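K.L.:
Dropping a structure here in structure tokens format, bear with me for questions.
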Amino acid sequence: AERTRELMESNRKLKAEVEDRIKADAALAAEKERRAVTLGSIGEGVITTDISGCIDSMNREAALLTGWSPERAVSRPITDVFRLSGPEAGEFGVHPVHKALHEGVVISPANHALLNDGKGRELAATYSVAPIRDRESRVMGAVVVFRDVTEQKKLEQDYIQSAKLESLGVLAGGI
């Protein structure tokens, strides 16, 4: 009888533990879904990497801007997918993600870089790279947030050209 009571108590504890585990799994699944919906709703490209610089996840906007589907990009090196060129691409040929991972600092250049869109075109892009840290503040990955500013740059150049032509017209009218 004593052994039966012990087994019944042990069984009750195991059932409670299983229920707790099921609730925790459901909460984790809900949190993952919220994160996926949030990342999908952001208007900027977002890519996360692990400590070695391989892609963990990316949102739809990142897929559109880089030309890589998330399924194809996951586990690939960031340098294969987020391909930059131009003076703001990275100092001394070091990719900004690798710099953020090794130095543990946020990389956010003042000027734009050129991003290869996977179709042979280069888009003007602004970006920021930040290390992802665990509870002990150890770097465990990086997050890249970027946006296409090609149209904005074109409008700025058109405005500058228009201002130059207007000042030239004023100068010519004065002569």
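K.L.:
Residue-wise, which Karplus ³J(HN,Hα) couplings in Hz belong to region 143-152, taking 6.51 cos²θ - 1.76 cosθ + 1.60, θ = phi - 60°, and x for glycine or proline?
P.N.:
Coupling constants for region 143-152: 10, 10, 10, 8, 9, 7, 10, 4, 5, 4 Hz.
K.L.:
Share of the chain's accessible area from carbon and sulfur, percent, 1.4 Å?
P.N.:
Ligands and nucleic acids excluded, carbon and sulfur give 56 percent.
K.L.:
Residues of the chain: accessible area per residue at 1.4 Å, in Å²?
P.N.:
68
K.L.:
Taking the structure as given and computing semi-axes √(5λ) of the Cα gyration tensor in Å, which label from (i) 52, 18, 14; (ii) 28, 18, 16; (iii) 32, 20, 13 fits?
P.N.:
(i)
K.L.:
Search the structure for amide H atoms under 5 Å from the amide H of Arg83, placed 1.01 Å from N in the peptide plane, and list their residues when 5 or more places away or on another chain.
P.N.:
Distant-sequence amide H within range of Arg83: Asn116.
K.L.:
Ser108 to Val18: extension gain in nm, 0.36 nm per residue of separation minus the Cα-Cα distance?
P.N.:
In short, 27.8 nm is gained.
K.L.:
Continuing with the same structure: Could you order Asp148, Asp20 by accessible surface area, starting with the largest, using a probe radius of 1.4 Å?
P.N.:
Order by accessible area, largest first: Asp20, Asp148.
K.L.:
Using the basic label-point model (7 angstrom from Cα toward the beta carbon), what is the Asp50 to Lys164 distance in nanometres?
P.N.:
According to this spin-label approximation, the distance is 5.0 nm.
K.L.:
Could you please tell me the mean projected area of the C-alpha convex hull for region 1-49, averaged over all directions and given in square nanometres to one decimal?
P.N.:
4.4
K.L.:
Okay, helix-only estimate at 222 nm for the chain: each DSSP H run of n ≥ 4 adds -39500 (n - 2.57), divide by all residues, round to 500 deg cm²/dmol; what do you get?
P.N.:
Helix-only estimate at 222 nm: -16500 deg cm²/dmol.
The values are calculated or read from the model by the stated rules, or taken from the named source; none is laboratory data. Note that the coordinates shown come from a computational prediction; the quantities given were computed from them, not determined experimentally. Heads up, the Cβs are rebuilt from the backbone with ideal geometry, glycines too, and the neighbour counts pull from every protein chain shown. To get the accessible areas, we keep the full protein, side chains included, count just its heavy atoms, and leave off ligands, DNA and RNA. Shrake-Rupley method; radii C 1.70, N 1.55, O 1.52, S 1.80 Å.
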